[in-house]
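Asks: Sending over a structure as structure tokens; questions will come in a sec.
Every number here is computed from the coordinates shown, using simple stated rules; none is lab data. Just so it is clear, the model here is predicted, and its values are computed rather than measured. Note that we place each Cβ from the backbone using ideal geometry, even for glycine, and neighbour counts take in every protein chain shown.
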Amino acid sequence: MRRNIVEFLANLPYSKVTRIIEENRQFHKEVEHELVLTTEQICTTFDTFLLKEVLDVSFRYFSENIGFLYLHTTKGMYSYTVKTSPENFIKQFKEIKHSQS
């Protein structure tokens, strides 16, 4: 009987800004979350994608310090605001996808 062992491969912090209205005043609250890549899936605070559902991962800088990481999935495209280099995350993703094909 063969068991699949799920291994942690990489993580990447991302930010989500939410709008809060209190006493007729609007505030923006930035909360840090984390993308986690394992040998089976990519997890966020709000979603989980099996690797077979993720077609590609790409990245584009928005400004000097901020960029958008895009998960291209069979469910659509999901974007994440990141402030650190996603290079290792993307490299690990491409390596595991290549090894599974």
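Asks: For the chain, which GluC sites (Glu not before Pro) pass both filters: DSSP loop (anything but H, G, I, E, B) and at most 14 other C-beta atoms within 10 Å? Walk me through the numbers on the way to the answer.
Replies: On the way: sites: 7, 22, 23, 30, 32, 34, 40, 53, 64, 87, 95; in loops: 7, 23, 40, 64.
The qualifying sites are 7, 23, 64.
Asks: Please list the radius of gyration and Dmax for the chain, considering alpha-carbon atoms only, with Å as the unit.
Replies: For the chain, the Cα-based Rg and Dmax read 15.7, 61 Å.
Asks: Measure nothing fancy, just the Cα-based angle from helix 87-100's long axis to the longest principal axis of the chain, in degrees from 0 to 90, nearest 10.
Replies: With rounding to tens, the tilt is 30 degrees.
Asks: For segment 17-60 and segment 85-101, what is the separation of their Cα centres, given in Å?
Replies: 19 Å
Asks: Another question, then. Could you point to the residue in 20, 99, 62 farthest towards the positive end of the chain's charge dipole, with +1 and -1 charges on the Cβ of Lys/Arg and Asp/Glu respectively?
Replies: The residue sitting most towards the positive pole is 99.
Asks: Further, regarding this structure: What does the helix-only formula give at 222 nm for the chain: each DSSP H stretch with n ≥ 4 adding -39500 (n - 2.57), the total divided by the residues, and the result rounded to the nearest 500 deg cm²/dmol?
Replies: Numbers: 1 runs with 14 residues, N = 101.
Computed mean residue ellipticity for the chain: -4500 deg cm²/dmol.
Asks: Also: Among all the lysines, which ones have a C-alpha under 17 Å from residue 94's C-alpha, if same-chain residues fewer than 8 places away are not counted?
Replies: By straight Cα distance, residue 94 reaches 52.
Asks: List the residues whose amide H sits under 5 Å from the amide H of residue 40, counting only those 5 or more places along or on another chain, with H placed 1.01 Å from N in the peptide plane.
Replies: It is 7, by chain and number.
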